[in-house]
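Coordinate-derived values only; no laboratory data. For clarity, every value in this text was computed on a predicted model and none was experimentally measured. Here the Cβ is made from the backbone with ideal geometry for all residues, glycine too, and neighbour counts use every protein chain on show.
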Ligand SMILES: NC(=O)c1ccc[n+]([C@@H]2O[C@H](COP(=O)([O-])OP(=O)(O)OC[C@H]3O[C@@H](n4cnc5c(N)ncnc54)[C@H](OP(=O)(O)O)[C@@H]3O)[C@@H](O)[C@H]2O)c1
């Protein structure tokens, strides 16, 4: 359980999907207050209540995406890429000064996973562009953690989380947050312009995971001393 100084209120935007519920599970287990957001406040409330009951915890709730974003200090975006721009534009006023963690992978399924070209270079850079005058600190993370594994609270994850961003303090906060998930290590993967590589690895992983019937992640070798 983190001490008060590192305890966060974390909103999951689009948190009713598997990735949002999976991350919510792990953040709740780490002792943070978690709010599952939805376009439909009632659906968010129901998802929050269901997860709280499943975990036997009181630190999970749900609501509308807007209220979730307002209440949180860390806002994690887990909507499909097709909804990325509209979701961020709609929430911009609620994101001022907050850490916004983008976990969105620009991909589609068409006879297997395929990348979607993003003019900004990556979804995370697109988020930074959309929020540039809002005071939000945009960080890319969690793209390579499979929802199936996150949703199993007893299963250690065995993966690194590659974290990109322009704000060093925000990036360190997210690296520490990733490290609170059992089996996960947060790794500084560099500036925003490297987000494209992190997002693209997911497409490779989805293919490998499908072929081998696993839910594997990535590990950076040679970092045992860190
Ligand atoms: N699944 C994974 O293993 C995984 C792993 C790493 C990263 N990711 C990334 O995380 C994101 C979420 O993945 P997911 O599998 O959880 O996706 P999902 O189930 O398809 O969508 C998540 C939620 O987004 C909301 N949503 C759907 N369409 C929307 C729209 N047009 N506008 C606004 N909100 C919309 C829905 O919530 P409401 O209807 O309640 O609003 C939905 O429950 C994706 O970008 C994905 O690339 C997924």
> Three principal axis extents, largest first, for the C-alpha atoms of the chain, in Å?
Replying inline: 40, 39, 37
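Rank the residues 215, 226 as a footprinting-exposure proxy: fewest other Cβ atoms within 10 Å of their Cβ go first.
The most exposed by this proxy come first: 226, 215.
At 222 nm, what helix-only mean residue ellipticity would the chain give, in deg cm²/dmol to the nearest 500, using -39500 (n - 2.57) for each DSSP H run of four or more?
The helix-only estimate for the chain comes to -11000 deg cm²/dmol at 222 nm.
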> For the residue pair residue 132 and residue 220, what label-to-label distance in nm results when each label sits 7 Å from Cα along the Cα-to-beta-carbon direction?
Replying inline: 2.7 nm
> For residue 6 and residue 82, FRET efficiency with R0 = 35 Å and r from the beta-carbon atoms, rounded to 0.05?
Replying inline: 0.55
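Given an 8 Å cut-off on Cα distances and at least 6 residues of separation, report the relative contact order of segment 4-212 as a percent.
Relative contact order, segment 4-212: 18 percent.
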> Hey, fewest Cβ within 10 Å first, where do 224, 66, 40, 102 land in order?
Replying inline: 224, 40, 66, 102
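Using Cβ counts within 10 Å as a stand-in for footprinting exposure, how do 57, 43 rank, fewest first?
57, 43
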>> Could you identify which residue out of 30, 182, 54 has the top mean-square fluctuation in a GNM of the chain using Cα springs shorter than 10 Å?
In response: 54
> Over segment 138-203, what relative contact order in percent results from Cα pairs under 8 Å that are six or more residues apart?
Replying inline: 37 percent
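Report for segment 77-226 the percent antiparallel among DSSP-assigned beta bridges with both residues inside it, nearest 5.
Numbers: 6 of 17 bridges.
Here the share of antiparallel DSSP bridges comes out near 35 percent.
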